[in-house]
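Peer 1: Provided herewith is a single structure, encoded as structure tokens, for subsequent inquiry.
The values are calculated or read from the model by the stated rules, or taken from the named source; none is laboratory data. Keep in mind that what you see is a predicted model, and the values were worked out from it rather than measured. Every residue, glycine among them, receives a Cβ derived from its backbone with ideal geometry; neighbour counts consider all protein chains shown.
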Amino acid sequence: MLFLCTLFTVRAQEKVFIPEPGEGISFNTSSLMIVGANASYLPSWRANSQEVQLLREQHIGLSHFGIAYGVGYSGHFYHGNVHVNVDPDGIQTLSFLNGQDYTSNRFATEYLDGVLEFRYRTNSNKNGRYTRLYIGGIIGYLTDSYSYFNSDAYRVKFYNVGGFNTWRYGTYVKCGRGPFNLFYYFGLNPIVSSGVLTSELENATSQNFGFSITL
């Protein structure tokens, strides 16, 4: 009887999950898709987002779950056929580059992000790797915006282009195994709120699909 009790106790102890520290750095690189734009706006496959997140995790007991929170910084580069011109007196106008040759054309935004992430991880294998499913939310504050055009004839960059939403917020999912994971972001608010870009992007939101590197 003593032997059987000891055996059952050992087996029960083997089933206890001891959580390990989660990742504290996440780098997300993804393709940027615009949903809800006017038909005259033609996005380019080069549109992309780059994000760095610094996170701290709190485990939920002796379970597979945890909560991570922290800050991040993100840049979003909207390549397409629309260029924002800024006259010397500050008046902004749109020009469409259909049929024109150019090296690069984009408008871009940068945000300081607050991040909250709910995490689930399986048991680690002998190499210390586990399968993860992280679901998170982002609230970001606009820190910079600009318009950039480059061709063989000239190159121009206009800073502090107005009209972009002061705040961005949305949800995302990271899933995978090891340091490389799939990443998907779903924006919940419009990209622009005022200015000349509303004629093309008034109801447009962003979605991202790419990879997340977690360390």
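Peer 1: Take residue 93 and decide whether it is modelled with pLDDT under 90, of a type in the set (S, T, N, Q), closer than 30 Å to residue 38 by Cβ and in a strand (DSSP E or B).
Peer 2: Against the criterion (modelled with pLDDT under 90, of a type in the set (S, T, N, Q), closer than 30 Å to residue 38 by Cβ and in a strand (DSSP E or B)), residue 93 qualifies.
Peer 1: Before we move on, is residue 181 surrounded by 13 or more Cβ atoms within 10 Å (Cβ to Cβ), in contact (Cβ under 8 Å) with a residue 12 or more places away in the chain and touching a Lys or Arg at 6+ places or on another chain (Cβ under 7 Å)?
Peer 2: Answer is yes for this residue.
Peer 1: Within the stretch 28-58, track down each residue that is over 16 Å from residue 111 (Cβ atoms) and of a type in the set (Ser, Thr, Tyr).
Peer 2: Hits for the stretch 28-58 are 31, 40, 41, 44.
Peer 1: Among residues belonging to the stretch 42-68 that are of a type in the set (A, V, I, L, M) and either in a strand (DSSP E or B) or more than 20 Å from the chain's Cα centre (by Cα) (or both), point out the one that is farthest from residue 140 (Cα to Cα).
Peer 2: If we take residues in the stretch 42-68 being of a type in the set (A, V, I, L, M) and either in a strand (DSSP E or B) or more than 20 Å from the chain's Cα centre (by Cα) (or both), then 62 is farthest from residue 140 (Cα to Cα).
Peer 1: Follow-up. Going by the structure shown, is residue 95 without any contact (Cβ under 8 Å) to a residue 40 or more places away in the chain, surrounded by fewer than 18 Cβ atoms within 10 Å (Cβ to Cβ) and on the phi < 0 side of the Ramachandran plot?
Peer 2: On the way: without any contact (Cβ under 8 Å) to a residue 40 or more places away in the chain: yes; surrounded by fewer than 18 Cβ atoms within 10 Å (Cβ to Cβ): yes; on the phi < 0 side of the Ramachandran plot: yes.
Against the criterion (without any contact (Cβ under 8 Å) to a residue 40 or more places away in the chain, surrounded by fewer than 18 Cβ atoms within 10 Å (Cβ to Cβ) and on the phi < 0 side of the Ramachandran plot), residue 95 qualifies.
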